[in-house]
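So the structure is just underneath, and the comments pick up after that.
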Amino acid sequence: MKKNIKTIGVLTSGGDAPGMNAAIRAVVRTGAYYGLKVMGVKRGYNGLINGDFIEMPPRSVSDILQRGGTILQTARCLDFKTPEGVKKAYDIAKVFGLDGLIVIGGDGSFRGAKDLCEIGLPTIALPGTIDNDINCSEYTVGYDTCLNTVIDAVDKIRDTAASHERCSVVEVMGRGAGYIAINAAIACGADVVLVPESKWSFDDDVLRPILESKSRGKKHSIIIVAEGIGGVIEIAKEIQEKTGIESRATILGHVQRGGSPSVRDRVIASQMGARSVELLLEGKSNRIVCIQNGQIVDVDIEEGLNMTKTLPQEMIKLAKKLTV
Ligand code: ADP
Ligand code: F6P
């Protein structure tokens, strides 16, 4: 372990995710374990630019492991996207004596972490987003809790869809990625799933499966649509017009981002938070802490963001097979 790291910062940036608090707690407690001073930076990169820091002794993170959201608050900071903003953030970090910074967020936040590193502040990026869309990592903190929220909601929608013999079209989050959609579809037994990673046509991939399942005796259907496809209100309307089946659209929205983190999110956030601090102490910087082959590893930020991660096509095939 290197001895020249004495003070570190931690911030959350971009969309919040359940488990971010568990990651903050792990950073603070691991820092304390190694005798470091830990500073919390409020509201993502805004707090870095404005000097909105709080000292975080070990007891400051009591009772947060089970709470959704982020006690440090989060934000999207436009100023930080300019070289002047990054320089200002760097200067403020130096005023507060930061020897390293841990950034919990998604790929946008990681680009910011890379920029800071390039002008001299060691940074470690920790994947915290419900979307599971960080290319170098099999998993992002918040994804499991989000999926559990989604399946709970869709199960409830199914109750009413079944009672009314309707078709329910449900939009789930995921930005440009279909991980939430495909897993929710399999876990909820959806009749149709539409994801941005796979081409689809209304007639072949929506209409036909609904009509076929109706002819097999199904009285209601569930369609899961990824946010990257969108248009659920129009899709529901068209289904009703073309099939005569009464249809309703639901956009699940921000309910998917809240709630107490699952065991998986608490444990992975704790592992990643602790590892992030150790990486700084080992003198490493510009790294993403991630999961590959089930193990916690770290990769260069730029390389990690440029890796490819593909939604397994077998999952899409499986979702279709199981609707027979
Ligand atoms: P996420 O981190 O969840 O992908 P955003 O893309 O909104 O969320 O990014 C969060 C913040 O990270 C932005 O508000 C901005 O301050 C910073 N950021 C985003 N993209 C970049 C970039 N290309 N370069 C530097 N900073 C960025
Ligand atoms: O990245 C997380 C996420 O919830 C995406 O799934 C979604 O596209 C976006 O953030 C929504 O952002 P906002 O909270 O700004 O509406």
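The values are calculated or read from the model by the stated rules, or taken from the named source; none is laboratory data. Since the model is a prediction, treat every value here as computed from it, not as a measurement. Using ideal geometry, Cβ is built from the backbone for each residue, glycine included, and neighbour counts are taken over all protein chains shown. We work out accessible area using only protein heavy atoms, side chains counted, and drop any ligands, DNA or RNA first. Shrake-Rupley method; radii C 1.70, N 1.55, O 1.52, S 1.80 Å.
Here are the numbers for this structure:
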item	result
All positions within region 38-80 that are of a type in the set (S, T, N, Q) and near ligand 1 (Cβ under 10 Å from one of its atoms)	Asn46, Thr74
Index of the failed condition, Ile134 passing every other in (1) open to solvent by 10 Å² or more (accessible area, probe 1.4 Å); (2) part of a loop (DSSP other than H, G, I, E, B)	(1)
Options Ala190, Ala177; residue that is closer than 30 Å to Leu101 by Cβ and not in a helix (DSSP H, G or I)	Ala177
Residues located in region 110-131, provided they are of a type outside the set (A, V, I, L, M), under 14 Å from the mean Cα position of the chain (by Cα) and either over 26 Å from Gln256 (Cα atoms) or more than 10 Å from ligand 2 (Cβ to nearest atom) (or both)	Phe110, Pro127
Index of the failed condition, Val255 passing every other in (1) part of a loop (DSSP other than H, G, I, E, B); (2) surrounded by fewer than 16 Cβ atoms within 10 Å (Cβ to Cβ); (3) under 24 Å from the mean Cα position of the chain (by Cα)	(1)
Residue list for region 110-131, restricted to those being open to solvent by 10 Å² or more (accessible area, probe 1.4 Å) and among the small types (Gly, Ala, Ser)	Gly120
Filtered residues of region 220-237 (kept if surrounded by fewer than 16 Cβ atoms within 10 Å (Cβ to Cβ), out of contact with any strand residue (DSSP E or B) (no Cβ under 6 Å at 6 or more places or on another chain) and not basic (Lys, Arg))	Gly230, Gly231, Glu234
Search result, residues across region 204-232 that are in a helix (DSSP H, G or I) and touching a residue at least 40 places away in the same chain (Cβ under 8 Å)	Pro209, Ile210, Ser213, Val232
Residues of region 206-219 satisfying the condition of being of a type outside the set (Ser, Thr, Tyr) and open to solvent by 40 Å² or more (accessible area, probe 1.4 Å)	Arg208, Leu211, Glu212, Lys214, Arg216, Gly217, Lys218, Lys219
Among (1) over 30 Å from His220 (Cβ atoms); (2) within 16 Å of ligand 2 (Cβ to nearest atom) - the single one Ala93 does not satisfy	(2)
Tally, over region 64-108, of residues that are among the basic types (Lys, Arg), farther than 17 Å from Arg43 by Cβ and in contact (Cβ under 8 Å) with a residue 40 or more places away in the chain	1
Residue among Gln292, Gln240 that alone is surrounded by fewer than 18 Cβ atoms within 10 Å (Cβ to Cβ), in contact with an Asp or Glu (Cβ under 7 Å, 6 or more places away or on another chain) and under 25 Å from Ala113 (Cα atoms)	Gln292
